[in-house]
Amino acid sequence: MTQGVAVVGLYVHDQDAALAFYVDKLGFRVHTDARNGDYRWLTVQHPEQPSFQLGLFAPQPPTVDAATAQALRECVAKGAMPPLVLQVDDCRAAYERMRGAGVEFTQEPIERYGNVDASFRDPSGNGWKMLQARRG
Amino acid sequence: MDTGQGNGAGRSTASDPDRLRRLLRAKDRMDSASHEPWPVARLAQVSHVSPAHFARMFKDAFGVPPHRYLLTRRIERATALLRDSTLPILDIALQTGWNSLGTFGRTFRDITGESPGDFRARMRAMPHALAEAPACYVSAALRPGLTIAVSEKRRREEGAQNGATETEDMP
């Protein structure tokens, strides 16, 4: 595939904490970690999804002004950012593994209409739904 | 555990991201077990803030007092069960955190404008259109808005009679 969505970014409170979370606890890989002064372009990839990067960006000047950065940090901490969905083959197994690694789950796996889903948050407050889609 | 709070909790606003993140944890806990009793002391403990300041901080952060937020979650769950299950209404009331059918029915009607039985009948008659979106997001999007206290809503609708207080409905 040569066309399509390549990067979608999350705002995170702390890029080091986010990196540790997405890599060490979720099993993502670092794609790009480039610094320029205070600015850090940081993206990670799901190991089975090489065409897509998840950006872990800090709201900060000069990209946004200081007051806006603070407001964005507050929105993230309040869980007010848009939904994120992580698709998995086995939600319950992933739940056990991730919970063992210290991931903060906000909903344990529940089966609904043949799908199994659970919910967790990253350290910043971004909320993920982990979804095992019904087969067939 | 982060501790961005300091000791001047009474003076500080709720805008510190570390504290907001901890307040979110209390909101998450209510979301995951809305049928359980959530007195302020329990929520404050989850958030690592003083019980004396928790309710105000929560309202500053999320726009509604914690007990009212809990009410909306319970009604949200109850509406889902009324729509998607065949459970008797009494069972739904008990499962979603109410101690009696009367209190449940009255609160449900005050918030949604119809009785649990009428709501169920109306939903049964409607085709399901949102099946493609994850259920929890749909559920959250259809959550009843509760911008004023239930007791206030009740008062406004009944004319200024003697209003029961909202806390009466809570454990």
Among the residues of segment B:85-100, are any without any contact (Cβ under 8 Å) to a residue 12 or more places away in the chain, closer than 25 Å to A:ALA71 by Cβ and either in the same structural domain as B:ARG155 (by TED's automatic domain parsing) or under 13 Å from the mean Cα position of the chain (by Cα) (or both)? no
Taking the conditions exactly as written (closer than 26 Å to B:ALA33 by Cα and of a type in the set (Ser, Thr, Tyr)), does A:TYR39 satisfy them or not? no
Is there a residue being in contact with a strand residue (DSSP E or B) (Cβ under 6 Å, 6 or more places away or on another chain) and either assigned by TED's automatic domain parsing to the domain that holds B:ARG74 or modelled with pLDDT of 95 or more (or both) anywhere in segment B:19-31? yes
Being more than 14 Å from chain A (Cβ to nearest Cβ), modelled with pLDDT of 95 or more and over 18 Å from A:LYS78 (Cα atoms) narrows it down to one residue among B:PRO65, B:PRO37; which is it? B:PRO37
Within segment A:53-83, residues being surrounded by fewer than 15 Cβ atoms within 10 Å (Cβ to Cβ) and either under 15 Å from the mean Cα position of the chain (by Cα) or hydroxyl-bearing (Ser, Thr, Tyr) (or both) number 4
Any chance you could count how many residues in segment B:55-84 are under 12 Å from the mean Cα position of the chain (by Cα) and of a type in the set (Ser, Thr, Tyr)? 2
Just checking, which of A:ALA18, A:ALA34 is small (Gly, Ala, Ser) and closer than 21 Å to B:ARG25 by Cβ? A:ALA18
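The values are calculated or read from the model by the stated rules, or taken from the named source; none is laboratory data. What you see is a predicted model; the values in this text were computed from it and never measured. All Cβ positions, even for glycine, are placed from backbone atoms using ideal geometry, and neighbour counts span all protein chains on display.
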